[in-house]
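First up is the structure itself, then whatever we jot down about it.
The values are calculated or read from the model by the stated rules, or taken from the named source; none is laboratory data. Computed from a predicted structure; not experimentally measured. Using ideal geometry, Cβ is built from the backbone for each residue, glycine included, and neighbour counts are taken over all protein chains shown.
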Amino acid sequence: MKDKILPFLLLPLPLVLIFGFPLHAQRAIDVSYVQDAQGSYVFSCTNHAFCNYVLTVEFTTLENAKSDHLLPYQAQVKPGVTKLFKLSKQQAGGDVRFKYSVDFFKGCINPSVDTGITYLLPISPGKEAQAYELRNLPRPQSGEPPTKTFYTIRLKMHPGDTLFAARRGTVVAVDVSSDVNDLGGTSSGDEDYVEIVHRDCSFGHYGTLKKDGAFVKPGQVVEAGQPIGIIGGDRYGRGSEARIGVYYNESPDDAPAGNGKVAEIGRIYVPLKFWTKKNGSGMLRHGASYTSEFPAALLTQETGKPRSSGKRRK
């Protein structure tokens, strides 16, 4: 009988790292293999999410086998099933033994993020709000890439105000299960949010929403200026607020060189330019007030198609 090591039976769970995915949700990436008619092991993965992921497969045991790709294996995988690589036997008479670990994070390998794009202010057209910058480095959550830079805009709002998409994209995550925000709690561990991936592989993180207050769901394409949820109540004693931050997960330029080392990653936040009435495009000043405006050119800047901004909400 062939003696092969099954990775998810013999590999301790703490070594299977999951980056940037809620622990209570379905795992984003599953790696598996089948044995073909020649006795080789063909590896593939299933991406259950609605955005690209960067996947690394690293072998801690590999005996009497050779890969048709460089190891450790690293690749960008799209949603759905992707064939990865194949392990073939080196010596016909010997047994194949292997054990591997899987790391992954959402995003692209060395993404070309458009840092000059202009975003809509994510509140109702004609509505005025005071803006505040958040630039401090937050403590990274367990299993997420370390944050290299941080930049988020807060807009002072009222409970029940509508939150809008500032840019076109696809919803990748929604969590509106907590009522901490609506009850005025001081805990920082629960935030109701919507996250949207853009075509340049950056991610827009929107909060803070009312419990069960999302209008969208994962996998849904949303347009710039489209309502995505209802803003929740008082939090941290500051009052209701809309939040938006845009980030991407950056990997080093040098790919794994087969020396057993896995590339490190870091989360980079983008300093955002917004379009506001009377000011046009530019970064927001901390403490200043701005009025939202949805120009047709921005509503269609990534589609090229005319689109109505829809009915205004409060």
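A few points about this structure:
- When the stretch 202-231 is filtered for residues that are in a strand (DSSP E or B), more than 15 Å from the chain's Cα centre (by Cα) and either crowded, with 18+ Cβ neighbours inside 10 Å or touching a residue at least 60 places away in the same chain (Cβ under 8 Å) (or both), the ones remaining, listed by number, are LEU209, LYS210, LYS211, GLY213, ALA214, VAL222, PRO227, ILE228, GLY229, ILE230, ILE231.
- Where SER188 falls short, out of the listed (1) surrounded by fewer than 18 Cβ atoms within 10 Å (Cβ to Cβ); (2) under 18 Å from the mean Cα position of the chain (by Cα); (3) of a type outside the set (Val, Ile, Thr); (4) at pLDDT below 90: (2)
- Selected residue (criterion: surrounded by the fewest Cβ atoms within 10 Å (Cβ to Cβ)) from residues of the stretch 265-282 that are of a type in the set (A, V, I, L, M, F, W, C) and closer than 12 Å to LEU298 by Cβ: TRP275
- Test for VAL34: is it of a type in the set (Val, Ile, Thr), without any contact (Cβ under 8 Å) to a residue 24 or more places away in the chain and touching a strand residue (DSSP E or B) at 6+ places or on another chain (Cβ under 7 Å): yes
- Filter pass, GLN74 being over 16 Å from ASP36 (Cα atoms), part of a strand (DSSP E or B) and not assigned by TED's automatic domain parsing to the domain that holds TYR247: yes
- Among residues of the stretch 67-96, those that are in contact (Cβ under 8 Å) with a residue 60 or more places away in the chain and loosely packed, with under 13 Cβ neighbours inside 10 Å, counted: 1
- Residue within the stretch 284-291 that is in a loop (DSSP other than H, G, I, E, B), of a type in the set (Gly, Ala, Ser) and at positive phi present: yes
- Single residue of the stretch 29-66 satisfying the filter (of a type outside the set (A, V, I, L, M, F, W, C) and under 29 Å from ARG199 (Cβ atoms)) that is surrounded by the most Cβ atoms within 10 Å (Cβ to Cβ): TYR53
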